[in-house]
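*Asks:* Quick one: structure below, then a few questions.
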Amino acid sequence: MPDGTLTLGTRRYSSWSLRGWLPVRLAGLDVAEVVIPLAGGETAAVKAATDGATVPFLEHRGVTVWESLAICEYCAELFPALWPSDLAARTQARAISAEMHAGFRGLRQAMPMNLSRRAEGAGRTPEALKDILRIEHLWRTTRARFGAGGPYLFGAAFTNADAMYAPVVARFLTYAPELSEATKAYCASVRAFGLLDQWYRDAAAEPAAWLLEKYEA
């Protein structure tokens, strides 16, 4: 029997579900996955299945955790390598993860995550472009200081920080905004990461009935 359940939203669209799913799988938690089709807002099914009426929602060995960043922290309690071991690097990882969790509303609104389409050039609002500049700055400075020896933000290991920004990578691949070569290389490395590739494959296998016109138009 699994040790619990991880409730997710439609993989094509649910960026927050992806942020919660990655650390759960990186930590090796034995939980069953339940995917609830999203409808562009709160649904009765999500309300019935979760404490906070949001996804992702983790139940593990009697512990309940909602909010993606809290799931990252819970998984790191069980698998500490999800944060860098060095104090300065770990502090940086938590700071940029928290900034992602709390911010970049312009990007999230103009370029919603959609893994089943390509929309090169769309969504380039001033607010989204400002957010992209900030994200590129964070990635560039983090990798310059802490990322030696590997393709990810903190080197060779894929950490919670990479998990928090994985949906941004997905957005960049979908909407193809103007990006630096270093940013493109990082995006390619994240996209090639085995767990993210699995998420893309699982998203592609979701029923066509789960497609939402508002995101596919």
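The values are calculated or read from the model by the stated rules, or taken from the named source; none is laboratory data. The structure presented is a predicted model; accordingly, all values stated were derived computationally and were not measured. Because the Cβ atoms are built from the backbone with ideal geometry, glycine has one as well, and the counts that use them run over all protein chains shown. Note: accessible area is taken over every heavy atom of the protein model, side chains too, but ligands, DNA and RNA are not part of it. Shrake-Rupley method; radii C 1.70, N 1.55, O 1.52, S 1.80 Å.
*Asks:* Being more than 26 Å from Leu87 (Cα to Cα) and of a type in the set (Ser, Thr, Tyr) is true for just one of Thr142, Thr125. Which residue is that?
*Replies:* Only one candidate passes the filter, namely Thr125.
*Asks:* How many residues are among the hydroxyl-bearing types (Ser, Thr, Tyr) and either modelled with pLDDT under 95 or in a loop (DSSP other than H, G, I, E, B) (or both) if we restrict to the stretch 82-107?
*Replies:* The number of residues fulfilling the criteria is 1.
*Asks:* Given the structure, is Arg94 among the basic types (Lys, Arg), under 18 Å from the mean Cα position of the chain (by Cα) and surrounded by 14 or more Cβ atoms within 10 Å (Cβ to Cβ)?
*Replies:* yes
*Asks:* List every residue pair whose Cβ atoms sit under 6 Å apart, with the two residues 6 or more apart in sequence or on different chains, where the first one lies in the stretch 122-146 and is buried (at least 18 other Cβ atoms within 10 Å of the Cβ) and the second, anywhere, is outside any helix (DSSP H, G or I) and of a type in the set (Phe, Trp, Tyr).
*Replies:* Close Cβ pairs (under 6 Å, with a partner that is outside any helix (DSSP H, G or I) and of a type in the set (Phe, Trp, Tyr)) amount to Asp131/Phe104; Phe146/Phe154.
*Asks:* Can you find even one residue in the stretch 148-168 that is assigned to a helix (DSSP H, G or I), in contact with a His (Cβ under 9 Å, 6 or more places away or on another chain), open to solvent by less than 30 Å² (accessible area, probe 1.4 Å) and at pLDDT 95 or above?
*Replies:* Yes, the conditions are met somewhere in the stretch 148-168.
Matching residues to (1) polar (S, T, N, Q); (2) under 19 Å from Val35 (Cβ atoms):
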residue: Met113; (1), (2): no, yes
residue: Ser116; (1), (2): yes, yes
residue: Glu127; (1), (2): no, no
residue: Lys130; (1), (2): no, no
residue: Arg145; (1), (2): no, no
residue: Ala161; (1), (2): no, no
residue: Met164; (1), (2): no, no
residue: Leu173; (1), (2): no, no
residue: Val190; (1), (2): no, no
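*Asks:* Okay, next question. Kindly indicate whether any position in the stretch 171-183 is at pLDDT 95 or above, surrounded by fewer than 22 Cβ atoms within 10 Å (Cβ to Cβ) and under 23 Å from Cys72 (Cα atoms).
*Replies:* no
*Asks:* Here's a follow-up. Under 6 Å between Cβ atoms, at least 6 apart or on separate chains: pull out the pairs that start in the stretch 3-31 with a residue that is closer than 20 Å to Thr159 by Cα and open to solvent by 20 Å² or more (accessible area, probe 1.4 Å) and end on any residue that is assigned to a helix (DSSP H, G or I) and hydroxyl-bearing (Ser, Thr, Tyr).
*Replies:* Once the first residue is closer than 20 Å to Thr159 by Cα and open to solvent by 20 Å² or more (accessible area, probe 1.4 Å) and sits in the stretch 3-31, its partners that are assigned to a helix (DSSP H, G or I) and hydroxyl-bearing (Ser, Thr, Tyr) give Trp16/Ser68.
*Asks:* Assuming Tyr200 fulfils every condition listed in (1) over 13 Å from Met113 (Cβ atoms); (2) open to solvent by 10 Å² or more (accessible area, probe 1.4 Å) apart from one, which condition is it?
*Replies:* That leaves (1) as the condition not met.
*Asks:* If only one of Thr43, Thr64 is of a type in the set (Ser, Thr, Tyr), free of Cβ contacts under 8 Å to residues at least 24 places away in the same chain and open to solvent by 40 Å² or more (accessible area, probe 1.4 Å), which one is it?
*Replies:* Among Thr43, Thr64, only Thr64 is of a type in the set (Ser, Thr, Tyr), free of Cβ contacts under 8 Å to residues at least 24 places away in the same chain and open to solvent by 40 Å² or more (accessible area, probe 1.4 Å).
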